[in-house]
1. Of the options 25, 75, 1, report the single residue whose Cα projects farthest towards the positive end of the charge dipole of region 1-81 (beta-carbon charges: Lys, Arg +1; Asp, Glu -1).
2. Sorting 128, 304 on the 10 Å Cβ count, fewest up front, what's the list?
3. Fewest first, what order do 124, 111, 95 take by the number of other Cβ atoms within 10 Å?
4. Using amide H atoms built 1.01 Å from N in the peptide plane, name the residues 5+ places from residue 140, or on other chains, whose amide H lies under 5 Å from its own.
5. For region 233-321, which trypsin sites (Lys or Arg not before Pro) are both in a DSSP coil and crowded by at most 15 other Cβ atoms within 10 Å?
6. How large is the charge dipole for region 248-356, taken about the Cα centre, if only the Cβ atoms of Lys, Arg (+1) and Asp, Glu (-1) carry charge, to the nearest 20 debye?
7. Checking the a/c ratio against 1.5 first, then a/b against b/c, what shape does the Cα gyration tensor give for region 1-83?
8. Could you compute the net charge surrounding residue 259? Neighbours are other residues with a C-beta less than 12 Å from the C-beta of residue 259; K and R count +1, D and E count -1.
Amino acid sequence: MTALLDALDLVDVVVCCGPGGVGKTTVSAALSIRLAEEGRRVCVLTVDPARRLAQALGIDGAGGEPVRVPHVAGGGLHAVMLDATQTFDALVVRYAGSVEQAEAIRENRLYRSLSSSLSGTQEYMAMEKLYELVESGRFDVVVVDTPPTRNALDLIDAPTRLTSFLENRIFRALLTPARAYLRAVSLATRTLLATIGKVAGAELVADAVDFFQAFAGMEQGFADRATAIHDRLRQPSTSFVLVTTPRQDAIVEAQFFQDRLRDAGLDAGGVIVNRVHPTFATPPAGLQIPSTSDLGVLMANLQELNELATLERRSLDDLLAAIGDAPVASLPLSSDAAGDVPGLRRLIEHLTDETR
């Protein structure tokens with residue numbers, strides 16, 4: 001077993017993050033299968049709107065609730081595809097003071113737009129779903145398959161952004177009960193509403209005011225939940241695993257993410273370098289092979305592959321130097337697409353520690 005897998009035995013949240021196009025979804029699924037077959041109850045959550053993870057695990061019907069993955073032994077594996085609107089609805093029901101208040105919010109046109117398309121909503125609801133799965137007690141470990149690096153950073157920042165929004169004085173003024181509304185709204189707030197009304201129409205402003213009024217009394221519950229999520233991401237039992245490839249641009253992106261993690265008071269719990277070219281044995285010195293022969297062409301190809309592997313190793317050395325003490329493992333380049341559970345199982349068996 002690799003040092004990375006040993007380290008993951010000690011955590012209950014694994015957030016797989018990194019550049020796009022490096023096989024992050026495949027690695028997340030393979031890690032989930034390995035952890036489950038070691039006897040842990042595992043749930044893998046994908047935030048990526050594409051359904052690659054569900055297809056690889058053979059559960060095309062997966063949605064916003066955990067679905068059991070077939071043909072995985074041990075503690076069992078479940079998968080969830082994030083449904084941001086469904087998750088937002090559940091939060092509204094949780095914190096509403098009554099059924100009527102919850103329905104008033106859910107039927108509001110502004111809310112329906114917020115819950116489905118507002119920038120940042122997807123990221124916050126992903127972290128909310130993660131927290132819900134962890135706190136349910138149903139699983140020993142939750143693995144998160146995130147979008148590419150920049151979007152994954154939004155996931156980490158989402159709880160803080162929500163808290164800041166809820167503490168904004170214009171937002172709090174709009175939560176003032178209707179009877180005191182005109183007395184409480186500041187000049188800045190009235191100016192904002194007037195501007196919105198000119199651009200988007202009075203109807204949208206009315207929807208906005210109705211929404212904020214219906215939301216009154218719920219903001220503290222949302223703020224407390226955001227704080228709990230923020231703290232949960234920073235516990236030692238949460239591990240951020242960077243997934244990358246030995247391409248120079250992917251290495252740079254992974255280093256960028258590591259720097260941002262540190263800025264947020266976090267550290268990578270490990271790195272997996274995917275699709276690493278192997279190094280092949282070189283022919284004996286002095287061996288004379290005509291370059292135009294079939295064997296000569298093969299030898300030239302061998303030399304090119306070894307040169308590529310050497311360049312990759314230099315890129316990995318830069319990453320190893322930047323990552324600190326976190327365990328680093330690699331997966332070899334393979335023609336196996338790992339598009340099903342047996343393929344994913346075979347893939348993770350090739351995980352190898354990278355020496356420093």
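Nothing in this text is a laboratory measurement; each read-out follows from the coordinates by a stated rule. This one's a predicted model, so the numbers in the text were calculated from it and none came from an experiment. With ideal geometry, Cβ positions are generated from the backbone for all residues, glycine too; neighbour counts draw on all protein chains shown.
1. Positive-most Cα among the choices belongs to 25.
2. 304, 128
3. Ordered from fewest to most neighbouring Cβ atoms within 10 Å, 124, 111, 95 come out as 95, 111, 124.
4. Counting only residues 5 or more places away or on other chains, the set is 41, 42.
5. Taking region 233-321 and a limit of 15 other Cβ atoms within 10 Å, the loop trypsin sites (Lys or Arg not before Pro) found are 234.
6. That gives region 248-356 a dipole magnitude of about 160 debye.
7. oblate
8. Net of charged neighbours comes to -1.
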